[in-house]
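**Q** Following this message is one structure expressed as structure tokens.
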Amino acid sequence: MTRDAGGGGRPSLGTGRPSVAEEAERAHRSRLAWKAEQLRVWDLLQLITPWLLLACSTAVYFSWALPASGAGFRPRGAAVLALVAVAVPWVLFGHTLPLRRRRLRPVPAGVYFVGLLALCVTLMTYSDIFLVFTVAGFFHAYLLRPWPLGVLGVLATSVALNGSAMGVWAGPTRDVLAEFLLIVTVQTAAIGVGILLTARSEPEERKREELVGRLEAALHENAGLHAQLVVQARESGAQDERQRLAGEIHDTLAQGLAGIIIQLQAAQGSARRRGEPDEHVARALRLARSSLTEARRSVRALAPRELGRAHLPDALRTLTERWAREQGISAQLEVTGAREPLSPAIEVSLFRVAQESLTNVAKHAGASRVGVTLSYTGTEVLLDVRDDGRGFAEGTGTGFGLTSMRQRIRGVGGHVEVHGAPGEGTSVSARVPAIAPGGMRETTATRATRAKGEADR
């Protein structure tokens, strides 16, 4: 005996066999899919049937019925063509477009049906071949609401169709009239039952179809939430790792630098007492102090100094302007889209990409201009760093800095692309998900609820 993981812990007999609950659920889904397919086929038939029947009737009339009658195109052919020209916009604007947009209302549907039947009867006075087009009335009767009007529509279509086919309007005999009444009665009853059953079942089926659609949308949204939770868990793990690194830096690098500074200060004092130049010692002391400051900053936050005082756009602006002053290279930052708060892990990753890219430009590019673009697109954030330098040959952009950059962005669910060609500059593009602090992005349902609340206020 095994446990059914999807059946609420109910046991299932046998090993490796689906439980009764699983089979029932599978059968229910198959039945829903079959009914949904039926609705789609029926909607398609409702759309194309009048056009198909009208096209067939018209083609047969002008290619066979009219020439066989021996009459010329004028006046009978011209009159039929004019009636067909009226039927086309009547069907298009009275049936096809409203049905496609699901805006077919009871009163306009009734008016359309009466007009369609009048056109059919008129066309049948010119040729019995337009009996084929009249059959479309049975399909359109299903659109009439409430259902008694649909049955009445079937009756009217049956009377028009069989009355013309059997010559009832030209003085019928008792036998013909009895046959006519019998056919109309049976036809109306048979098709009317279908209308009655459809009127009772179709609304429920369409509601069920809409429910399935909403369920699928909810499942899709849940998949997005799951992805965000994965990012949140990854970010939590990264935070733990940062804390571990902070402890390591504090216990090793920072302590070592502090000891070096103490020894350099002692050496500097000894050199001053002897009157010896202390330029190298002073330079080493400044470097050690700067490294210690950076180590302590890493211990405190393990985040760039600029991001400690501002959000990503302002931090990138400060970085770009300082880099431009130090390197003597023109650099511009452009921010597009509505700014949104981002997860600290994502802000740090994008900042490090910009920092590493600018460092590479200063070292290797020989550029005169650099453009940095930060784009908020709603679901993603894009960072582009472009220069007009010497570029690089294919296969050479695989240094440690670029590898580290790719790994860092991959760690927050994004990716980096580096493009360049000799003499055409280099572009570094990073794309990451726009995840807010806490790891949860606003969902469609949350947005709709918030919009409704704002509208109510």
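**Q** Scan the range 65-74 and tell me whether some residue there is surrounded by 14 or more Cβ atoms within 10 Å (Cβ to Cβ), of a type in the set (S, T, N, Q) and either part of a helix (DSSP H, G or I) or free of Cβ contacts under 8 Å to residues at least 60 places away in the same chain (or both). Show your work before the answer.
**A** Quick first cut of the range 65-74, residues surrounded by 14 or more Cβ atoms within 10 Å (Cβ to Cβ) only: 65-66.
Filter once more, keeping what is of a type in the set (S, T, N, Q): none.
No, every residue in the range 65-74 fails to be surrounded by 14 or more Cβ atoms within 10 Å (Cβ to Cβ), of a type in the set (S, T, N, Q) and either part of a helix (DSSP H, G or I) or free of Cβ contacts under 8 Å to residues at least 60 places away in the same chain (or both).
**Q** Being under 29 Å from V348 (Cβ atoms), of a type in the set (A, V, I, L, M, F, W, C), modelled with pLDDT under 70 and part of a helix (DSSP H, G or I): is that true of A246 here? Let's see the steps before the verdict.
**A** Values: under 29 Å from V348 (Cβ atoms): yes; of a type in the set (A, V, I, L, M, F, W, C): yes; modelled with pLDDT under 70: yes; part of a helix (DSSP H, G or I): yes.
In short, yes.
**Q** Inside the range 300-327, can you point out the residues that are modelled with pLDDT of 60 or more and either of a type in the set (A, V, I, L, M, F, W, C) or in a loop (DSSP other than H, G, I, E, B) (or both)?
**A** L307, A310, H311, L312, A315, L316, L319, W323, A324
**Q** Quick one: in the range 92-123, of everything that is within 16 Å of Y142 (Cα to Cα) and basic (K, R), which residue is surrounded by the most Cβ atoms within 10 Å (Cβ to Cβ)?
**A** Among those that are within 16 Å of Y142 (Cα to Cα) and basic (K, R), it is R100.
**Q** If I filter the range 340-378 down to residues being modelled with pLDDT under 85 and part of a loop (DSSP other than H, G, I, E, B), which single residue comes out as farthest from the chain's Cα centre (by Cα)?
**A** The residue in question is G366.
**Q** Please work out which one of (1) more than 29 Å from I435 (Cβ to Cβ); (2) surrounded by 14 or more Cβ atoms within 10 Å (Cβ to Cβ); (3) out of contact with any helix residue (DSSP H, G or I) (no Cβ under 8 Å at 6 or more places or on another chain) is the condition S368 fails and give its number.
**A** With respect to (1) more than 29 Å from I435 (Cβ to Cβ); (2) surrounded by 14 or more Cβ atoms within 10 Å (Cβ to Cβ); (3) out of contact with any helix residue (DSSP H, G or I) (no Cβ under 8 Å at 6 or more places or on another chain), S368 is out only on (2).
The values are calculated or read from the model by the stated rules, or taken from the named source; none is laboratory data. Keep in mind that this is a model prediction, so the values were computed, not measured. Cβ atoms come from the backbone with ideal geometry, glycine included; neighbour counts cover every protein chain shown.
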